[in-house]
């Protein structure tokens with residue numbers, strides 16, 4: 001939940017020290033968002049962005065993360081012990097996640113409102129880059145995670161998605177395995193017991209030079225981006241090169257501010273934990289006893305939480321007496337839960353291999369395998385879900401048109417299929433929920449989300465859904481050929497566009513895909529203007545690609561957990577294996593379409609025969625044609641009608657058409 005003013009209060013009690021030749025444990029999500037900040041602030045990357053709504057690509061974020069770590073390790077002889085990513089959201093933290101999701105939604109809505117007033121500039125807009133209007137890219141964390149897993153260095157072996165929050169596991173590692181400095185952006189770790197030799201350094205205090213320069217503060221180790229745009233209708237190439245990292249014997253020491261609980265307690269006059277020679281070999285009982293007693297900084301932080309207006313000396317006096325703990329015992333018990341390592345939960349999921357899952361996917365998977373009749377859990381880690389709490393999935397809000405339905409809506413059936421497969425796990429008997437509550441774009445913190453009904457554990461519905469999905473993929477992959485240039489990317493874009501058209505027909509709403517292709521795309525097939533309709537189509541494509549990524553990861557997880565499938569439905573597993581093979585060509589995060597590549601996407605789809613495939617799959621009454629040139633007869637008639645309206649003349653009466661696509665018959 002966080003303690004307001006904690007960092008401000010404890011800042012004077014940190015120690016300046018060199019980080020060189022040390023060992024570090026890294027808070028993975030904090031690293032990802034730190035990299036986003038570096039990329040947004042990097043002048044080279046800012047110069048390469050040509051539109052206010054353009055953000056760093058996922059390829060750039062992944063590359064920048066590995067470069068930053070390479071610079072840290074090679075230049076300052078630092079060893080990375082572990083990098084932890086959240087993989088489970090405790091029930092007690094759900095309100096915090098809901099609040100963050102709402103704030104992100106509100107930030108995106110503000111950006112939408114801002115450009116509704118001032119209109120969206122074109123693709124090659126000049127002037128200041130107002131990227132600060134937008135939150136971090138929706139899939140920044142899994143993009144960095146992908147880069148670490150694919151690294152040729154030891155990063156992939158020390159990167160873990162854990163059944164809890166990353167900060168608790170960082171503290172646990174320093175306390176029970178190997179002492180080191182925890183790198184994070186979370187001030188809550190200042191309160192954690194890190195053992196006798198553990199301390200905390202904030203990522204914002206680490207200033208790495210670009211390349212091999214020796215000057216302190218020379219800039220971030222973010223990726224450099226150069227962009228070349230050709231004059232053809234089918235190619236917009238973005239090339240990412242990484243700033244060179246060199247090891248210099250004359251490099252200046254990396255001086256940082258470190259926070260160590262024992263040292264801070266000594267300066268404040270608070271009772272500090274007594275560490276014995278066998279501390280690291282002991283279990284978590286000592287840490288839990290320390291937390292419960294209020295010693296260390298736990299009581300101090302709780303006093304600050306209850307009254308943030310007290311001075312430091314007043315907080316120390318009250319903490320020594322344990323006043324807030326005595327006055328609010330229930331609140332203190334809830335407060336210290338967030339600092340308790342979820343030992344029982346960790347042991348409960350050791351049988352499951354979540355190493356290949358994204359954090360948001362792991363959250364759903366672990367919710368499904370940890371359900372049961374006992375709702376007590378252990379020491380606040382919400383090991384077992386109470387029966388009246390639904391399973392939740394938090395879909396990161398995307399940069400879409402707030403006047404249209406949430407961009408995640410069109411691909412909901414893919415996620416339903418994915419989450420339903422979890423019911424095949426051995427714990428399916430305990431999985432009482434037949435639906436999952438999904439949160440995407442939020443209008444308020446009171447939002448109830450969207451209920452997605454899952455398929456039953458038994459029966460034909462799930463098999464039929466698999467058959468339909470595989471049949472659809474087969475048709476698209478057969479008629480939208482993969483090429484050396486596009487690989488299979490356009491096949492997945494075609495699938496996303498099909499889902500948009502089908503969803504629009506079912507809900508009698510305008511299709512973002514068809515609106516862009518038929519109303520905004522000139523005959524060249526290259527978009528001339530950035531519009532919110534185009535942004536929405538792009539967001540829908542990204543949401544569909546990520547939904548397919550969820551499906552791919554869950555298919556692999558279920559297959560691994562049920563490698564011995566004696567007695568199972570063989571037909572179901574044959575379909576799952578076929579689906580796994582088809583998803584092997586899924587577009588990776590690093591190659592997700594961007595605002596830059598959206599520009600010539602219509603032309604590429606037309607060249608790949610995808611428009612004809614969409615007409616056939618969606619059973620459209622007419623072909624998909626781009627809008628006619630501005631000098632065409634149709635365009636002149638449209639302008640003439642607008643002029644009549646301005647001059648007050650009655651418009652010419654035309655025959656009502658039941659088929660809106662008939663107007664396209666003479667477009668060519």
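Could you check how many residues of the stretch 470-500 are touching a residue at least 60 places away in the same chain (Cβ under 8 Å) and in a helix (DSSP H, G or I)?
So the answer is 19.
For residue 571, only one of the following conditions fails: (1) more than 30 Å from residue 149 (Cβ to Cβ); (2) outside any helix (DSSP H, G or I); (3) at pLDDT below 95. What is its number?
Evaluating residue 571 over (1) more than 30 Å from residue 149 (Cβ to Cβ); (2) outside any helix (DSSP H, G or I); (3) at pLDDT below 95 leaves (2) as the failure.
Quick check, is residue 86 within 26 Å of residue 589 (Cβ to Cβ) and crowded, with 22+ Cβ neighbours inside 10 Å?
Yes, satisfied.
Scan the helices (runs of 4 or more DSSP H) fully inside the stretch 327-387 and keep the ones with 1 or more residues being modelled with pLDDT of 85 or more and within 23 Å of residue 2 (Cβ to Cβ).
Answer list for the stretch 327-387: 329-337, 359-369.
Which is in the same structural domain as residue 164 (by TED's automatic domain parsing), at pLDDT below 90 and over 37 Å from the mean Cα position of the chain (by Cα), of 276, 292?
Within the list 276, 292, the selection yields 276.
Does at least one position in the stretch 517-536 carry a residue that is touching a residue at least 12 places away in the same chain (Cβ under 8 Å), assigned to a helix (DSSP H, G or I) and farther than 23 Å from residue 403 by Cα?
For the stretch 517-536, residues touching a residue at least 12 places away in the same chain (Cβ under 8 Å), assigned to a helix (DSSP H, G or I) and farther than 23 Å from residue 403 by Cα: absent.
Filter the stretch 588-630 down to the residues that are at positive phi and free of Cβ contacts under 8 Å to residues at least 40 places away in the same chain and list them by number.
Result: 619, single match.
Would you check which residues across the stretch 309-331 are closer than 18 Å to residue 271 by Cα and in contact (Cβ under 8 Å) with a residue 12 or more places away in the chain and list them?
312, 315, 316, 318, 319, 320, 322, 323, 324, 325
Which of the residues that make up the stretch 78-97 are farther than 18 Å from residue 33 by Cα and modelled with pLDDT of 95 or more?
78, 79, 80, 81
Looking only at the stretch 144-173, which residues are farther than 25 Å from residue 92 by Cβ, out of contact with any helix residue (DSSP H, G or I) (no Cβ under 6 Å at 6 or more places or on another chain) and assigned to a helix (DSSP H, G or I)?
Those that are farther than 25 Å from residue 92 by Cβ, out of contact with any helix residue (DSSP H, G or I) (no Cβ under 6 Å at 6 or more places or on another chain) and assigned to a helix (DSSP H, G or I): 157, 158.
The values are calculated or read from the model by the stated rules, or taken from the named source; none is laboratory data. Quantities reported herein were computed from a predicted structural model and do not represent experimental measurements. As a convention, Cβ positions derive from the backbone with ideal geometry for all residues, glycine included, and neighbour counts pool all protein chains shown.
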